[in-house]
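Working notes, structure below.
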């Protein structure tokens, strides 16, 4: 994965013409790769019946050198488009010095120590202008001496410099006995100071306090990275974040990326720390005696990896089936024209072929991404937990490698053709657009099947396994799919509290059979029962049913038990159509045990349905009736699972509903005797 990031970074740097940048622009570019993303600073709040999205805000400390006073102010929103302007950092090591003028922690402005750091490391920093650097140090030293004081060898913002309106509860250790009395116990001292600091922000500064917040220092209205000494500030950050790791030229070894013998850093600070991986190369701690084994990178490769990670995190991130995802192209060769391989629009559209969308949108997306298949043979998906704003923990939940671009496009084309052949889009709208996302909602839990499901963490692994099986052309197990579907259908049926959603649910067994056919088409289904040859005297003359059984031949053509159950479902649909005319609230299907019907109970279900058909005087076709009865002979001795029995009944019922709706769609002048179906989503 790290070499792949290096390839992406190399393309980005070449595209940006990085090597042509002046020194300051080069340093600024690298420093910006360490800035945190702001897309996780949003949150939702309920105002009445409306859920609104809020973005965190920057809490600024403005130092006025003329008035010699400090005032806290509310800064800009922490929205992604403000990332480069605000340049907010997070610690990349537990003991990072407080040198950042904008940071996710309030420590950056309450305990600012940039001048001390520069003084201690002045000769080590590669200044662009050393004379200006001295001015910068004097400037910062004056700021620190005026507005901060040292306690326990640590800088603290002065109480007497704060504007009068913001002094209440200010956490000055020297005027709060509880803190000052523990001055010799550093751990307890720091803990108490943090408590009083948080109390100050949440009380005195409550009007400036947001649920998601970052903090920044302004001096006379300017950020340090925008003011007179911006270049010097970037010099310092570049040194601390990147350059210092390569200062020890005696610490040499072979770069694990390019293989060149070069100076190596003792530690590699990767923005994505890859918690949860098992790859033995994801460690560091290089020293002179261990450079051949520990993972490390030369300076050139490190810049490329750093750039690649940042680009992927900000440009190639999305959500797939509700999971935070990064889409990475598999770059198989070197060329001067690889920019299209990292084109975010094409890559994200490629990954999102698995999502539900209208046929027109799918056709548009397919046309747009086909160009990729010439050079991009495969791609990868990383599924991860988004780090919280105050955390660098990057937990990988799954990594699906080498997904065939061609295969995924072929599958999307097959589902598109199925939707068009069966005219599902116009009839069922969004729920009629077949996709892997649609299958996910038929076989895995969601809020419709599990209303109390607030945390999807428990099923994330199942979703990733579904994706991996489908995208790697592995085989699904037929009986497991059927069991999963029946379980979810039954749960959704029990939770229905609005009749408007029933039609969307009732058609799903028909969709499920289309998904099964789709998987068979791509040789991704195993365990379909092979029925023993059986002679049957009756002949099925219903052309629609006969054609359906041939189209789904792997499931139905030689499985007469399944055919009989399918026809039983058709009969149930006919009764329910009559019931709807009389506005009967509970459909006939609810009289069945939808969790599973043992084969020994099938004939009693048939008897119950026969009685209902008589009561409701549904259409009687003697030829189909004889075929139906003969199909079910001996079913009590069959090996069908209880869930299979339910599925085939539901599938026949759904298909009959589909045929009826299709008929009235093609004959709009004929009065429809069933309620209008809606296009509600799962």
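The values are calculated or read from the model by the stated rules, or taken from the named source; none is laboratory data. Please read all numbers here as calculations on a predicted model, not as lab measurements. Every residue, glycine as well, gets a Cβ built from its backbone with ideal geometry; the counts of neighbours run over all protein chains shown.
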Any chance segment 533-553 includes a residue that's at positive phi and in the same structural domain as residue 633 (by TED's automatic domain parsing)? no
Single match in 565, 588 (criterion: farther than 20 Å from residue 482 by Cβ, in the same structural domain as residue 503 (by TED's automatic domain parsing), surrounded by 13 or more Cβ atoms within 10 Å (Cβ to Cβ) and touching a helix residue (DSSP H, G or I) at 6+ places or on another chain (Cβ under 7 Å)): 588
Helices (runs of 4 or more DSSP H) wholly in segment 105-192 with at least 3 residues that are within 26 Å of residue 220 (Cα to Cα) and either in contact (Cβ under 8 Å) with a residue 60 or more places away in the chain or in contact with a helix residue (DSSP H, G or I) (Cβ under 6 Å, 6 or more places away or on another chain) (or both) - which ones? 107-110, 114-121, 130-147
Mind listing just one residue for me: the one in segment 593-605 that is surrounded by fewer than 18 Cβ atoms within 10 Å (Cβ to Cβ) and out of contact with any helix residue (DSSP H, G or I) (no Cβ under 6 Å at 6 or more places or on another chain) and, of those, nearest to residue 537 (Cα to Cα)? 603
Name the pairs whose Cβ atoms lie under 6 Å apart, with the first residue in segment 470-495 and over 22 Å from residue 529 (Cα atoms), the second modelled with pLDDT under 95 and in a helix (DSSP H, G or I), and 6 or more positions between them or separate chains? 492/505
Against the conditions (1) part of a loop (DSSP other than H, G, I, E, B); (2) within 33 Å of the chain's Cα centre (by Cα), where does residue 238 fall short? Just the number, please. (1)
From the list 267, 231, which residue is over 35 Å from the mean Cα position of the chain (by Cα) and under 30 Å from residue 41 (Cα atoms)? 231
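If a residue must be surrounded by fewer than 18 Cβ atoms within 10 Å (Cβ to Cβ) and outside any helix (DSSP H, G or I), how many such residues does segment 325-342 contain? Full working, then the answer.
Let us first name the residues in segment 325-342 that are surrounded by fewer than 18 Cβ atoms within 10 Å (Cβ to Cβ), namely 330, 332-337, 339-340.
With the extra rule that they be outside any helix (DSSP H, G or I), the set shrinks to 330, 332-337.
Final tally of qualifying residues: 7.
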Exactly one condition in (1) part of a helix (DSSP H, G or I); (2) out of contact with any helix residue (DSSP H, G or I) (no Cβ under 8 Å at 6 or more places or on another chain) is false for residue 514; which is it? (2)
Kindly evaluate residue 113 against the criterion of being within 26 Å of residue 36 (Cα to Cα), in contact with a strand residue (DSSP E or B) (Cβ under 9 Å, 6 or more places away or on another chain) and loosely packed, with under 15 Cβ neighbours inside 10 Å. no
Conditions (1) at pLDDT 75 or above; (2) in a loop (DSSP other than H, G, I, E, B); (3) surrounded by fewer than 22 Cβ atoms within 10 Å (Cβ to Cβ) -> residue 318 fails only (2)
Considering only segment 40-70, state which residues are buried (at least 20 other Cβ atoms within 10 Å of the Cβ) and at positive phi. none
So residue 497 ticks every box in (1) outside any helix (DSSP H, G or I); (2) crowded, with 18+ Cβ neighbours inside 10 Å; (3) assigned by TED's automatic domain parsing to the domain that holds residue 641 but one. Which box is left unticked? (2)
Hey, can you tell me all the residues within segment 443-464 that are touching a residue at least 60 places away in the same chain (Cβ under 8 Å), closer than 17 Å to residue 319 by Cα and surrounded by 14 or more Cβ atoms within 10 Å (Cβ to Cβ)? 446, 456, 460, 463, 464
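State yes or no: is residue 479 at pLDDT 95 or above, surrounded by fewer than 20 Cβ atoms within 10 Å (Cβ to Cβ) and within 30 Å of residue 590 (Cα to Cα)?
On the way: at pLDDT 95 or above: yes; surrounded by fewer than 20 Cβ atoms within 10 Å (Cβ to Cβ): yes; within 30 Å of residue 590 (Cα to Cα): yes.
Here the answer is yes, as residue 479 does meet what is asked.
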Condition test on residue 283, is it at pLDDT below 85, within 28 Å of residue 23 (Cα to Cα) and in a loop (DSSP other than H, G, I, E, B)? no
Exactly one condition in (1) surrounded by fewer than 17 Cβ atoms within 10 Å (Cβ to Cβ); (2) modelled with pLDDT under 95; (3) outside any loop (DSSP other than H, G, I, E, B) is not met by residue 541; state its number. (3)
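Criterion first (in the same structural domain as residue 527 (by TED's automatic domain parsing), farther than 21 Å from residue 479 by Cβ, surrounded by fewer than 20 Cβ atoms within 10 Å (Cβ to Cβ) and modelled with pLDDT of 95 or more) does residue 629 satisfy it?
For residue 629, the condition - in the same structural domain as residue 527 (by TED's automatic domain parsing), farther than 21 Å from residue 479 by Cβ, surrounded by fewer than 20 Cβ atoms within 10 Å (Cβ to Cβ) and modelled with pLDDT of 95 or more - is met.
Under the condition of being crowded, with 18+ Cβ neighbours inside 10 Å and over 35 Å from the mean Cα position of the chain (by Cα), which residue from segment 252-262 is modelled with the lowest pLDDT? Please lay out each step first, then the result.
Step one: filter segment 252-262 for residues crowded, with 18+ Cβ neighbours inside 10 Å, giving 253, 255-257, 262.
Checking which are over 35 Å from the mean Cα position of the chain (by Cα) leaves us with 253, 262.
Details: 253: 84, 262: 90.
Here the residue is 253.
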Collect the residues in segment 71-89 that are closer than 15 Å to residue 101 by Cα and crowded, with 17+ Cβ neighbours inside 10 Å, keeping them in residue-number order. 72, 75, 83, 86, 87, 88, 89
